[in-house]
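As structure tokens, the structure follows; a few thoughts come after it.
The values are calculated or read from the model by the stated rules, or taken from the named source; none is laboratory data. What you see is a predicted model, and the numbers here were worked out from it, not measured in a lab. All Cβ positions, glycine included, derive from the backbone under ideal geometry; neighbour counts span all protein chains shown.
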Amino acid sequence: MVCSVRYCIEPKSLDAHLFEITITLERPDPQGQRLSLPVWIPGSYMLREFARHIVELRAHSTAGPVAVLKTSKDAWLCAPSPGPLHVSYCVYAGDPSVRGAFLDRTRGYFNGASVFLRVHGKEAEACTLAISPPAGAACAGWRVATAMPRREAEAHGFGLYEARDYEELLDHPVEMGEFSLGAFQACGVPHEVAVSGRHSADMERLCNDLKRLCEYHIRFFGESAPFADYLFLVSATGEGYGGLEHRASCSLVCARDDLPRAGGANVSDGYRSFLGLCSHEYFHAGNVKRIKPAAFTSHDLAHEAYTRLLWAFEGITSYYDDLALVRCGLISPPAYLELLGKTATRVWRTPGRRRQTLEEASFDAWIKFYRPDENSPNATVSYYTKGALVAACLDLLLRSQTDGRRSLDDVMRTLWTRFGQTGLGVPEDGVEAVAKEVGGIDLTAFFDGALRGTEELPLGGLLASHGVSFRLRAAEGASDEGGKPGSLTEEQIRSRPALGVRVAASGEAKILAVFEDGAAQAAGLAAGDVIVAIDGLRVSAANWEHRVHACTVGLPVPLFAFRGDLLLRVEVVPQAPIQDTCVMALQDDAGTKALALRAAWLDGG
Ligand code: ZN
């Protein structure tokens, strides 16, 4: 059957980074056909205004050219015309992230939200997508990787693909180029990994590790997988990091050095974080792609979709991404506690956690989390990191209050059967209600504090009830991310003063952020100031930390800085270092009950 809505995309110019898209409509709206492009992409809560990359949109029918009126920044109206109507345009593809479109001589990549116009009135109709190869012998080896169902195309070939509706068309990103391909089965479901970009990854090891991880996640929800097959699209770069979830695939950007090398058996810090990223996006196939907030079920990508639940969709996912690694044996329990300690450190180092609640952070993601500025650390908290800690607290609370009979795993499985399998949206109070019901305990005070309050989370006590110690220490330097015991003694750390600023890592000692109530704020310094001398000695980013450590806590020192072209002289009083670095460790002398709870928690029992 020929679909009445047909999309074609082809690389028009690799060097000008242009895709050309043509849409053919057999039966355009007789009143005039409205078209629009999404302004945001699901999974990334910011208005990205993809239409700004559209170049030269034209329409014609068998009767000749059709007039097109731009009606808003992201919408067009084609004059009434007999079918078929052909609309063509180019999209500038210069975004190497996972959220837009990219094209050059090495590869092409696109998300439907950034390239395919919505045909108003036809959103629910099935459509086809013809993907054409770039011209030229240099691209003869290019292949296609996408989870979009094939209609008339060889596996990994250019040709005709199909989608049940417009929403599905947008939810299968497409990679084209020369990539490495790995394949494995997880619980009988075919999975593939396509790695593009220069790399020397051990694809066999990568597939073996991902198989373990994916099988854990499929079994977690106690169901057969919600997709017929799944694809990891990986773009290996110099030092990128990021991912975006889709219904049967995910797009990842990683540092090529984080991928496992042939011959290696250990899990490097970089590979551990790559596996955590894969785990995160894969868990999203359940939590947010299928169990989703009611606010995300309207398919309206023309306006913001507000929800106070991102702590559950991003925070709970962030909690399970690393937890899955220890539960499936890819990392050890101490390595897991190091990761959880790093997450806690990021929260404890955010003064904004005392200003913004998690629900506020979620609701305002559009203007705050995705648009950070120099004051963000003082004014906001991340629903990823604090959300992950709330998930950890909730899990440990359920386990300890029910003597291990209930856990967050049970909450997620109930959410899955009630919302994931039915397609119903989760109401704004839905996650709390299910947690209370599944746990059979009153969690009102916990949720009020964790989601709608700004007090410190009860993490230490809950970890102690699971045979894990929690303590805070001062940071040993800018590269200290926490999670590990320090190498300095308490006395050595105490003698190292702090100024309460974050300074650029290289070049001039430019202030990136001034923390609330810190010495730099008290001295009148501001983000953007370039510090040139402290205590009479020149400083740069390279020796900044060394010079600050040479100061004495409580003893004022002169500091010179440029604000624009104006030289400032201030007096700064170095403070004692703040205890904002979290360390967790297994406590093997804990009681039998605590050790049993810990084993069940880390084993997934
Ligand atoms: Zn996520």
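Of the residues in region 245-294, how many are out of contact with any strand residue (DSSP E or B) (no Cβ under 8 Å at 6 or more places or on another chain), aliphatic (A, V, I, L, M) and either free of Cβ contacts under 8 Å to residues at least 12 places away in the same chain or not in a helix (DSSP H, G or I) (or both)?
At the first step, the residues of region 245-294 found to be out of contact with any strand residue (DSSP E or B) (no Cβ under 8 Å at 6 or more places or on another chain) are 245-247, 257-258, 262-269, 271-273, 275-276, 279, 283, 286-287, 290.
Checking which are aliphatic (A, V, I, L, M) leaves us with 262, 265, 267, 275.
Now narrow it down to the ones that are either free of Cβ contacts under 8 Å to residues at least 12 places away in the same chain or not in a helix (DSSP H, G or I) (or both): 262, 265, 267.
Looking only at that region, the number is 3.
So how many residues does region 5-28 have that are in a loop (DSSP other than H, G, I, E, B) and surrounded by fewer than 18 Cβ atoms within 10 Å (Cβ to Cβ)? Quick ask: steps written out before the conclusion?
First pass over region 5-28, keeping only residues in a loop (DSSP other than H, G, I, E, B): 14-17, 26-28.
Checking the rest, the ones that are also surrounded by fewer than 18 Cβ atoms within 10 Å (Cβ to Cβ) come to 15-16, 26-27.
Qualifying residue count for the region: 4.
Out of all the residues in region 227-244, is one or more among the aromatic types (Phe, Trp, Tyr), within 15 Å of the ligand (Cβ to nearest atom), within 25 Å of Ser44 (Cα to Cα) and surrounded by fewer than 16 Cβ atoms within 10 Å (Cβ to Cβ)?
Taking every residue of region 227-244 in turn, at least one turns out to be among the aromatic types (Phe, Trp, Tyr), within 15 Å of the ligand (Cβ to nearest atom), within 25 Å of Ser44 (Cα to Cα) and surrounded by fewer than 16 Cβ atoms within 10 Å (Cβ to Cβ).
Each row is one residue, and each column tells you yes or no for (1) polar (S, T, N, Q); (2) within 16 Å of the ligand (Cβ to nearest atom); (3) farther than 20 Å from Ser44 by Cβ.
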{"position": "Arg290", "(1), (2), (3)": "no, yes, no"}
{"position": "His299", "(1), (2), (3)": "no, no, no"}
{"position": "Leu310", "(1), (2), (3)": "no, yes, no"}
{"position": "Asp322", "(1), (2), (3)": "no, yes, yes"}
{"position": "Val326", "(1), (2), (3)": "no, no, yes"}
{"position": "Ile331", "(1), (2), (3)": "no, no, yes"}
{"position": "Thr343", "(1), (2), (3)": "yes, yes, yes"}
{"position": "Val347", "(1), (2), (3)": "no, no, yes"}
{"position": "Thr380", "(1), (2), (3)": "yes, no, no"}
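Kindly indicate which of Leu472, Leu457 is surrounded by 17 or more Cβ atoms within 10 Å (Cβ to Cβ) and either at pLDDT 95 or above or closer than 21 Å to Leu340 by Cβ (or both). Working first, answer last.
Details: Leu472 fails: surrounded by 17 or more Cβ atoms within 10 Å (Cβ to Cβ).
Unique residue meeting the criteria: Leu457.
Any residue that is in a strand (DSSP E or B) and over 28 Å from the mean Cα position of the chain (by Cα) - is there at least one of those in region 137-145? Break it down into steps so the answer makes sense when it comes.
Initially, region 137-145 is screened for residues in a strand (DSSP E or B), giving 143-145.
Among the residues that remain, those that are also over 28 Å from the mean Cα position of the chain (by Cα) are: none.
No, the conditions are met nowhere in region 137-145.
Consider region 415-447. How many of its residues are under 18 Å from Trp311 (Cα atoms) and either of a type outside the set (Gly, Ala, Ser) or outside any loop (DSSP other than H, G, I, E, B) (or both)?
Quick first cut of region 415-447, residues under 18 Å from Trp311 (Cα atoms) only: 415-416, 419-420, 425-436, 443-447.
Okay, now just the ones that are also either of a type outside the set (Gly, Ala, Ser) or outside any loop (DSSP other than H, G, I, E, B) (or both), so 415-416, 419-420, 426-436, 443-447.
Count: 20.
Restricting attention to strands (runs of 3 or more DSSP E) lying wholly within region 502-605, give those where 3 or more residues are within 30 Å of Arg406 (Cβ to Cβ).
On the way: elements: 509-514, 530-534, 557-563, 566-572, 579-586.
Correct list: 579-586.
Taking Arg58 and the conditions (1) assigned to a loop (DSSP other than H, G, I, E, B); (2) basic (Lys, Arg); (3) within 18 Å of Cys8 (Cβ to Cβ), which numbered condition does it fall short on, given that it satisfies the others?
The number of the failed condition is (1).
Within region 247-263, is there a residue that is within 12 Å of the ligand (Cβ to nearest atom) and under 20 Å from Lys386 (Cβ atoms)?
no
Residue under question is Cys127, and the condition is that it be at pLDDT 95 or above and surrounded by 22 or more Cβ atoms within 10 Å (Cβ to Cβ); does it hold? Talk me through it step by step, then tell me what you get.
Details: at pLDDT 95 or above: yes; surrounded by 22 or more Cβ atoms within 10 Å (Cβ to Cβ): yes.
Here the answer is yes, as Cys127 does meet what is asked.
Name, by its number, the condition in (1) free of Cβ contacts under 8 Å to residues at least 40 places away in the same chain; (2) of a type outside the set (Phe, Trp, Tyr); (3) farther than 24 Å from Arg107 by Cα that does not hold for Cys207.
Against the list (1) free of Cβ contacts under 8 Å to residues at least 40 places away in the same chain; (2) of a type outside the set (Phe, Trp, Tyr); (3) farther than 24 Å from Arg107 by Cα, Cys207 comes up short only on (3).
Which ones in region 217-244 are of a type outside the set (S, T, N, Q), in contact (Cβ under 8 Å) with a residue 60 or more places away in the chain and over 18 Å from Lys289 (Cβ atoms)?
Scanning region 217-244 gives a single hit, Gly240.
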